[in-house]
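What follows is calculated from the coordinates using simple rules that are stated; it is not laboratory data. As the structure is a prediction and not an experimental result, all values here were calculated from the model. For neighbour counting, all protein chains shown are included, and Cβ atoms are generated from backbone atoms with ideal geometry for every residue, glycine included.
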């Protein structure tokens, strides 16, 4: 099966809000990329997109658009936003040094030459840099969005303007997924495609959980790379990205004053740690809920009070979920919240808050601004629901580009590793990246800080039992 060799990545969106496994599709010329995405062509006023016009509410599926090369092989909001989107991508490139370094190093060799990659991720300026890096490394790609609110429409336009003729996709080598929706969709609809797939790269805790479920059930038929649990993802993206973006998302949507506010953060993994640290620094009174005794003890020793949600639900001003689980905040808790309580999610999935239980005749929904809904009870009480329970920072604000560079570089190296691995190296299981690869990703970002690593002497390396060039940590280090 031939893929176009155009430099830029083809991007496909659909405007359905249904779950992937509920969407009826037929494979054909408009097969994989368009139909796997429940994504964000209806995210017309996303806070992460700066060029949207509130006057244009026409569905992209109802528009006839062509790029400058005459191709109409895309489904986006407005192709005319491409120039602005290109500038957004160029700005992001300045803060993503490792990906740009990979491009330079790949000028001679193309480690992904001939690779057919299908991706389903957030469509932002940062992920666009990743997409175009994969293309520079020789990959031939198709793309779709994984979230209906996180797409930056001008970036989608810039990618579509890059141009790629429509090619029916019946063969692919690797899946790059964020949340497991694409993997699940192919498993359910077209399982035979996995006979030729080399592997899956997954970056979110939700998607990784689904992969481990498949593996445990004996249904995982290709190797999968768990990027979420790599050191470079856990210690940087999940922590530092969320530490900065939680405040940005809340401030943009609600203009809330953080000092003195009572906040409960559900989950004290790396995402929860970042959220709690940011809110505590701003003067908020922070409570934590947690199921894991180890994380719970960390929360206590970091100075947070560990509670059950039902103990504080009536008094808190803000509820933030970051567990990756489902039904963390159910209707019972929503009914008991105080008037004006802000409810939002920092986990990948939209299942943490039981939003469906709020769509009942006795409750009134009032859209007050982009991604902000007031849900009003018959007695006049209202809660402030952000992004309909979906990921707050990517739906309602932006995220630090430099931190995303670390994760994106890890994804790129994972794709290179799976594509070039000799047959038999990886079996039908879920793998973590080799520690040497984690260290390489980190080293590519150090020059930004004018940082200088200390080198071991031969005697020191022998004493520690290490290679002077690493890896410096065992594979089990997290």
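Neighbour counting of Cβ atoms within 10 Å sorts the residues 290, 366, fewest neighbours leading, into 366, 290. Largest first, the extents of the alpha carbon coordinates of the range 406-466 on the three principal axes equal 39, 31, 17 Å. Separation of the range 117-152 from the range 366-425 is 14 Å, based on Cα centroids.
Overall shape of the chain was characterised from the C-alpha gyration tensor. The equivalent ellipsoid obtained from it has semi-axes of 34, 30, 21 Å, in decreasing order.
Does anything in the range 460-478 have its amide N under 19 Å from the 7 Å Cα→Cβ label point of residue 302, and if so which residues? Counting backbone N atoms under 19 Å from the label point, the list is 478. Classify the range 230-359: rounded, prolate or oblate, from the alpha-carbon gyration tensor (a ≥ b ≥ c, eigenvalue square roots; a/c under 1.5 rounded; otherwise prolate if a/b is larger than b/c)? The shape class here is rounded. At full extension, residue 291 and residue 58 could sit 79.4 nm farther apart than now, given 0.36 nm per residue minus the alpha carbon distance.
A simple spin-label model places the labels of residue 105 and residue 251 3.6 nm from each other, with each point 7 Å out along Cα-to-Cβ. Among 276-285, 186-195, 120-129, sorting by the average number of other beta carbon atoms lying within 10 angstrom of each residue, highest first, gives 120-129, 276-285, 186-195. When a/c is below 1.5 the answer is rounded, else prolate if a/b is larger than b/c, else oblate, so apply that to the range 77-169 with a ≥ b ≥ c taken from the square roots of the Cα gyration tensor eigenvalues. In terms of gyration-tensor shape, oblate. Averaging the Cα positions of each part gives two centres, and for the range 229-255 and the range 75-106 these lie 21 Å apart. At 0.36 nm per residue, and after removing the present C-alpha to C-alpha distance, how many nm does the segment from residue 359 to residue 212 gain when stretched out fully? Separation in residues times 0.36 nm, less the Cα-Cα distance, equals 49.7 nm. Please work out the FRET efficiency for the pair residue 476 and residue 421, using the Cβ-Cβ distance as r and a Förster radius of 25 Å; give the result to the nearest 0.05. With a Förster radius of 25 Å, E is 0.75.
Residues 173, 379, 229, 237, arranged from fewest to most other Cβ atoms within 10 angstrom of their Cβ, appear as 379, 229, 173, 237.
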